[in-house]
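Novice: Attaching a single structure in structure tokens format; questions to follow.
The values are calculated or read from the model by the stated rules, or taken from the named source; none is laboratory data. These figures come from a predicted structure and were not determined experimentally. Cβ: placed from backbone, ideal geometry, glycine included. Neighbour counts: every protein chain shown.
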Amino acid sequence: MEVSITTLVENTANPGFIAEWGLSIMIEVEGQRILLDTGPGTSTVYNAKLLGVDFRMIDRIVLSHGHYDHTGGLRGVLRGTHGFDIISHPAVWEAKYAVRENRARYIGIPFCREELESLGARFSMSKEPVWITRNVVTSGEISLTTGYEDVDRSMYVKKDGNLVPDDLPDDLAMAIRTDKGLIIILGCAHRGMINTIRHFQKITGDEQVYCVMGGTHLISATHERLTRTVTDLRRIGVQRIGVSHCTGFEAAAWLAKEFGDMFFLNNAGSQFKLL
């Protein structure tokens with residue numbers, strides 16, 4: 001099976017590309033072109049042009065969750081196309097906030113649903129895994145099983161006028177079944193990278209994991225969590241680890257030291273191919 005994964009948007013960029021806080025990854029497999037997230041804004045369209053990516057040729061979009069840095073490019077991606085089916089969890093439309101130093105900042109989708117639908121967005125929302133092809137699947141709602149991976153406590157959602165902790169049930173990822181094992185593409189892994197891997201092992205029935213790439217949300221991880229994450233990655237037998245976005249410098253350096261040549265930085269402009 002031939003798999004091509006191209007990172008359009010990320011916090012850091014290869015020469016010539018624009019870096020922007022967020023993530024957008026294009027996946028080409030089994031005749032499908034799938035865009036996982038759309039970044040926060042203008043960099044998505046700019047970088048796509050540099051890479052020769054024509055959004056009119058995309059088959060569908062998957063939204064990993066409802067934060068602006070993964071959805072803010074939706075308007076730009078939709079313009080000039082005939083629209084797309086967009087797969088997400090129902091909670092993607094909740095009013096999401098970050099609360100830090102007693103200040104609440106809205107971080108949800110920066111567009112109303114009606115505007116995006118007028119541009120051709122066709123939202124398909126499910127809490128369950130969605131099989132796009134017989135080998136490509138979204139996670140659906142990810143179970144919290146590790147005990148040490150917790151959701152960032154600065155994340156909130158507004159319900160009935162009050163801010164309450166957001167457990168990010170809309171946190172999704174994607175997996176591709178290959179002869180070498182699963183390739184797992186993370187958006188932000190708010191519900192935990194190891195939780196996500198184990199979830200995919202369960203729903204696909206495949207224990208072997210070849211590559212995990214994308215946002216790992218280890219940016220504020222404790223020493224204990226990093227240590228246990230490395231232990232579990234080794235126990236699972238992951239062969240390639242490519243980090244992006246919300247991993248953070250300290251965690252990325254830690255993983256690079258632990259995994260050596262198995263590790264790579266997945267920047268804007270990076271292309272990962274499996275032939």
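Novice: Taking T178 as the residue in question, decide whether it is surrounded by 19 or more Cβ atoms within 10 Å (Cβ to Cβ) and either over 15 Å from the mean Cα position of the chain (by Cα) or under 26 Å from E28 (Cβ atoms) (or both).
Specialist: Working: surrounded by 19 or more Cβ atoms within 10 Å (Cβ to Cβ): no; either over 15 Å from the mean Cα position of the chain (by Cα) or under 26 Å from E28 (Cβ atoms) (or both): yes.
No: the conditions fail for T178.
Novice: From the residues in the range 15-42 that are at pLDDT 95 or above and of a type in the set (S, T, N, Q), which one is nearest to the chain's Cα centre (by Cα)?
Specialist: Filtering the range 15-42 for residues that are at pLDDT 95 or above and of a type in the set (S, T, N, Q), the one nearest to the chain's Cα centre (by Cα) comes out as S24.
Novice: Going residue by residue through the range 77-97, is there one that turns out to be farther than 30 Å from G31 by Cα, among the aliphatic types (A, V, I, L, M) and not in a loop (DSSP other than H, G, I, E, B)?
Specialist: At the first step, the residues of the range 77-97 found to be farther than 30 Å from G31 by Cα are 94-97.
Pick out the ones that are also among the aliphatic types (A, V, I, L, M) and you get 95.
Narrowing the set further to residues that are not in a loop (DSSP other than H, G, I, E, B) leaves 95.
The answer is yes, given that some residue of the range 77-97 is farther than 30 Å from G31 by Cα, among the aliphatic types (A, V, I, L, M) and not in a loop (DSSP other than H, G, I, E, B).
Novice: Of all residues in the range 253-275 being surrounded by 15 or more Cβ atoms within 10 Å (Cβ to Cβ) and of a type outside the set (A, V, I, L, M, F, W, C), which is farthest from A19 (Cα to Cα)?
Specialist: Per the criteria, the residue is E258.
Novice: I'd like to check something: does the range 104-122 contain any residue that is within 19 Å of the chain's Cα centre (by Cα) and hydroxyl-bearing (S, T, Y)?
Specialist: Within the range 104-122, not a single residue is within 19 Å of the chain's Cα centre (by Cα) and hydroxyl-bearing (S, T, Y).
Novice: Let me ask something else. Every residue in the range 20-49 that is closer than 21 Å to N135 by Cβ and in contact with a strand residue (DSSP E or B) (Cβ under 9 Å, 6 or more places away or on another chain), please. So that I can check it myself, show each step before the final result.
Specialist: The first filter runs over the range 20-49 and keeps only residues closer than 21 Å to N135 by Cβ, leaving 25-37.
The answer is I25, M26, I27, E28, V29, E30, Q32, R33, I34, L35, L36, D37.
Novice: A further question follows. Hey, could you check the range 43-64 for residues that are within 15 Å of the chain's Cα centre (by Cα) and assigned to a loop (DSSP other than H, G, I, E, B) and say which is nearest to I219 (Cα to Cα)?
Specialist: This residue is S64.
Novice: Something else about it: Just to be sure, is I142 of a type outside the set (G, A, S) and out of contact with any helix residue (DSSP H, G or I) (no Cβ under 6 Å at 6 or more places or on another chain)?
Specialist: On the way: of a type outside the set (G, A, S): yes; out of contact with any helix residue (DSSP H, G or I) (no Cβ under 6 Å at 6 or more places or on another chain): no.
Spelling it out, it is not the case that I142 is of a type outside the set (G, A, S) and out of contact with any helix residue (DSSP H, G or I) (no Cβ under 6 Å at 6 or more places or on another chain).
Novice: Kindly indicate which of I109, I142 is touching a His at 6+ places or on another chain (Cβ under 6 Å) and either of a type in the set (D, E, K, R) or crowded, with 18+ Cβ neighbours inside 10 Å (or both).
Specialist: Details: I109 fails: touching a His at 6+ places or on another chain (Cβ under 6 Å).
The unique qualifying residue is I142.
Novice: I'm trying to understand the selection: among the residues of the range 150-173, which are under 17 Å from the mean Cα position of the chain (by Cα), of a type in the set (D, E, K, R) and modelled with pLDDT of 95 or more?
Specialist: Hits for the range 150-173 are D167, D170, D171.
Results for (1) part of a strand (DSSP E or B); (2) at pLDDT 95 or above, shown as yes or no for each residue.
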site	(1), (2)
S220	no, no
T227	no, yes
V230	no, yes
L233	no, yes
G242	yes, yes
D261	no, yes
K273	yes, no
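Novice: Which residues, taken from the range 183-204, are surrounded by 24 or more Cβ atoms within 10 Å (Cβ to Cβ) and free of Cβ contacts under 8 Å to residues at least 40 places away in the same chain?
Specialist: Answer for the range 183-204, where residues must be surrounded by 24 or more Cβ atoms within 10 Å (Cβ to Cβ) and free of Cβ contacts under 8 Å to residues at least 40 places away in the same chain: just I184.
Novice: So, in the range 19-48, exactly how many residues are β-branched (V, I, T) and surrounded by fewer than 17 Cβ atoms within 10 Å (Cβ to Cβ)? Even if it seems obvious, please write down each step before you answer.
Specialist: Narrowing the range 19-48 to residues β-branched (V, I, T): 25, 27, 29, 34, 38, 42, 44-45.
Now restrict to residues that are surrounded by fewer than 17 Cβ atoms within 10 Å (Cβ to Cβ): 42.
Residues in the range 19-48 being β-branched (V, I, T) and surrounded by fewer than 17 Cβ atoms within 10 Å (Cβ to Cβ): 1 in total.
Novice: Just to verify a result, which residue in the range 52-92, among those that are among the small types (G, A, S), touching a Pro at 6+ places or on another chain (Cβ under 9 Å) and surrounded by 21 or more Cβ atoms within 10 Å (Cβ to Cβ), is nearest to T6 (Cα to Cα)?
Specialist: First, the residues of the range 52-92 that are among the small types (G, A, S): 52, 64, 66, 72-73, 76, 80, 83, 88, 91.
Now narrow it down to the ones that are touching a Pro at 6+ places or on another chain (Cβ under 9 Å): 72-73, 91.
Those left that are additionally surrounded by 21 or more Cβ atoms within 10 Å (Cβ to Cβ): 72-73.
Numbers: G72: 19, G73: 16 Å.
Per the criteria, the residue is G73.
Novice: Would you point out which residue out of E224, E250, E207 is under 23 Å from T138 (Cα atoms) and either in contact with a His (Cβ under 9 Å, 6 or more places away or on another chain) or surrounded by fewer than 18 Cβ atoms within 10 Å (Cβ to Cβ) (or both)? If you could, list the steps in order and put the result at the bottom.
Specialist: On the way: E224 fails: under 23 Å from T138 (Cα atoms); E250 fails: under 23 Å from T138 (Cα atoms).
None of the others qualify; the one that does is E207.
Residue-wise test of (1) over 14 Å from D171 (Cβ atoms); (2) touching a residue at least 40 places away in the same chain (Cβ under 8 Å); (3) of a type in the set (S, T, N, Q).
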residue: R79; (1), (2), (3): yes, yes, no
residue: H82; (1), (2), (3): yes, no, no
residue: H89; (1), (2), (3): no, yes, no
residue: A95; (1), (2), (3): yes, yes, no
residue: R100; (1), (2), (3): yes, yes, no
residue: R105; (1), (2), (3): yes, no, no
residue: E114; (1), (2), (3): yes, no, no
